[in-house]
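Student: Have a look at this one.
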Amino acid sequence: MKDFLFEFYFYKTLINTNDEVKKINQLSKNNNNIALFSVQQTMGRGRINRKWISRKGDLTCSFLINREFKLKEIGQINLWFSHILLSLLKKKFPKQKFKIKWPNDIYLEDRKLAGILIETIILKNNIQNLIIGLGLNFVSSPKNLENKTISISYFAKKQNPINFFILLTNEINDSLKKFKKFSFKIDKHYLQNFKDFGKTIKIKSKGKIFKGIFFGIGNNGEMILKINDKTNIISFGDMI
């Protein structure tokens, strides 16, 4: 298909899907985009060197987009992918109230359902290509973690992660075909997609903890926190 922008790769088991995408891209000479699925991933990772625990039956996949982006667009890329994933989940499971937990986790009922890890190769202040790793709990909900978890099997039976992966790749493909620049209308309607919007929250950033009202999201994906009637912009951190 001429209008399809990705090459598919399927594996039974991998150590890490993001690492495998990097290897494929290094060996390839055609600079195509890559959509990679593994039935099982043995050493998944999340943000800030955290582990992502999954088992056979969960969705573990990665996407490599061979396109140059400006470094300042990384926050917009995060919003873009989170929005595509959230929209597909809502389409597939319309009765569930999924939310984005800033900066890029998907939650349901105060429990973590999915995590996104974005990695980049940067040259001369430009992103040369983009790797997006996704872990989505289809069957497992690991215990004794920093955050409580939930799986799709909690509310929907006999779901196939490969089918979801293909649907997600199609959504990403369609979005990239129309791509001109990352642009979001960040209004109150859009902000309702975020967990705890309008509530008092805590953010851990650069070794400090900030407490304030979740006031908004900036155009580059920053958290806007209102502390003592003053707005504070936080570009990187975790809600705790």
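The values are calculated or read from the model by the stated rules, or taken from the named source; none is laboratory data. Quantities reported herein were computed from a predicted structural model and do not represent experimental measurements. Don't worry about glycine lacking a Cβ; one is built from the backbone with ideal geometry, like all the others, and counts go over all protein chains shown. The area values use the complete protein model at the heavy-atom level, side chains included, leaving out ligands, DNA and RNA. Shrake-Rupley method; radii C 1.70, N 1.55, O 1.52, S 1.80 Å.
Student: Hey, if you put +1 on the Cβ of every Lys and Arg and -1 on every Asp and Glu Cβ in the chain, which of G237, Q128, L168 ends up farthest toward the positive end of that dipole?
Tutor: Checking the options against the dipole of the chain, the answer is G237.
Student: Report the calculated FRET efficiency for R55 and N125 (r = Cβ-Cβ distance, R0 = 51 Å), to the nearest 0.05. If you can, show how the numbers build up before the last one.
Tutor: Working: r = 40 Å, r/R0 = 0.78.
Efficiency computed from Cβ-Cβ geometry: 0.80.
Student: Select from Q40, Q76, Q192 the residue whose mean-square fluctuation is largest in a Gaussian network model of the chain (Cα-Cα springs shorter than 10 Å).
Tutor: Q192
Student: Through the Karplus equation 6.51 cos²θ - 1.76 cosθ + 1.60, θ set to phi - 60°, convert the phi angles of region 61-78 into ³J(HN,Hα) values in whole Hz; use x for Gly and Pro.
Tutor: 7, 9, 10, 10, 10, 8, 8, 8, 10, 7, 4, 5, 8, 4, x, 5, 4, 4
Student: List the trypsin sites (Lys or Arg not before Pro) within region 153-240 that fall in a DSSP loop (any state other than H, G, I, E or B) and whose Cβ has at most 12 other Cβ atoms within 10 Å.
Tutor: Numbers: sites: K157, K158, K177, K178, K180, K181, K185, K188, K195, K199, K202, K204, K206, K208, K211, K226, K230; in loops: K157, K158, K178, K180, K181, K185, K195, K199, K206.
Qualifying residues, ordered by number: K157, K158, K178, K180, K181, K185, K199, K206.
Student: Something else about it: Taking R0 as 30 Å, what FRET efficiency do you get between I24 and H83 from their Cβ-Cβ distance, rounded to the nearest 0.05? Let's see the in-between values first.
Tutor: Working: r = 27 Å, r/R0 = 0.88.
Once the sixth-power term is evaluated, E becomes 0.70.
Student: How long is the gain from L176 to S235 if the chain were fully straight, where each residue apart is worth 0.36 nm and the alpha carbon distance is subtracted?
Tutor: Numbers: separation 59, 0.36 × 59 = 21.24 nm, distance 2.50 nm.
Roughly 18.7 nm would be gained on extension.
Student: Quick check: residue separation of F210 and Q96 times 0.36 nm, minus the Cα distance between them. What number comes out in nm? Intermediate results must be reported in sequence, preceding the final value.
Tutor: Working: separation 114, 0.36 × 114 = 41.04 nm, distance 3.03 nm.
Result for the pair: 38.0 nm of gain on full extension.
Student: Next question, about the same structure. Counting Lys and Arg as +1 and Asp and Glu as -1, what is the net charge of the other residues whose Cβ lies under 12 Å from the Cβ of K202?
Tutor: Details: positive: K199, K204, K208, K211; negative: D196, D238.
Surrounding charge for K202 is +2.
Student: Quick one: pull the percent of accessible area on the chain belonging to carbon and sulfur, 1.4 Å probe, ligands and nucleic acids left out. Could the numbers behind the result be given before it?
Tutor: On the way: 6820 of 13520 Å².
Here it works out to 50 percent.
Student: Can you work out the Karplus-derived ³J(HN,Hα) for every residue in region 204-215? Use 6.51 cos²θ - 1.76 cosθ + 1.60 with θ = phi - 60°, whole Hz, and x for glycine or proline.
Tutor: 9, 9, 6, x, 10, 10, 10, 10, x, 8, 5, 9
Student: Right, next: Below 12 Å, Cα to Cα, which aspartates and glutamates can K204 reach? Residues fewer than 8 away in the same chain don't count.
Tutor: D238
Student: Could I ask something else about it? Would you calculate, for the chain, the mean residue ellipticity at 222 nm contributed by helices, counting each DSSP H stretch of 4 or more residues as -39,500 (n - 2.57) and dividing by all residues, to the nearest 500? Show your work: numbers first, answer last.
Tutor: Numbers: 4 runs with 51 residues, N = 240.
So the helix-based figure for the chain works out to -6500 deg cm²/dmol.
Student: Still on this structure: Can you pull out the trypsin sites (Lys or Arg not before Pro) in region 69-113 whose DSSP state is coil and whose Cβ has at most 13 other Cβ atoms within 10 Å? Write down the numbers at each step before the final one.
Tutor: Working: sites: K70, K72, K90, K91, K92, K95, K97, K99, K101, R111, K112; in loops: K95, K97.
Filter output for region 69-113: K95, K97.
Student: Give me the percent relative contact order of the chain, please, defined on Cα pairs under 8 angstrom at least 6 residues apart. Please list the in-between numbers first.
Tutor: On the way: 456 pairs, mean separation 40.6, N = 240.
Relative contact order of the chain: 17 percent.
Student: With each label point set 7 Å from Cα along the Cα-Cβ vector, what nm distance links T42 and Q192?
Tutor: So the label points at T42 and Q192 sit 4.6 nm apart.
Student: My understanding is that a pair violates if its Cα-Cα distance is over 25 Å; which of K92/K112; K90/K178; K56/K157; K22/K185; K91/K112 do that in this structure? Can you show the working numbers first?
Tutor: Details: K92/K112 18 Å; K90/K178 22 Å; K56/K157 15 Å; K22/K185 33 Å; K91/K112 19 Å.
In this structure, K22/K185 lie more than 25 Å apart at Cα.
Student: At 1.4 Å probe radius, can you tell me the per residue accessible area of region 22-161 in Å²? All intermediate terms of the calculation are to be shown ahead of the outcome.
Tutor: Numbers: 7180 Å² over 140 residues.
That works out to 51 Å² for each residue.
Student: Modelled label-to-label distance, F4 and Y154, 7 Å Cα→beta-carbon offset: nm?
Tutor: Inter-label distance under the simple model: 3.4 nm.
Student: Ordered by residue, what ³J(HN,Hα) values in Hz, to whole numbers, does region 223-240 give under the Karplus form 6.51 cos²θ - 1.76 cosθ + 1.60, where θ = phi - 60° and Gly and Pro are x?
Tutor: 7, 9, 10, 9, 10, 6, 6, 10, 8, 10, 9, 10, 7, 9, x, 9, 6, 10
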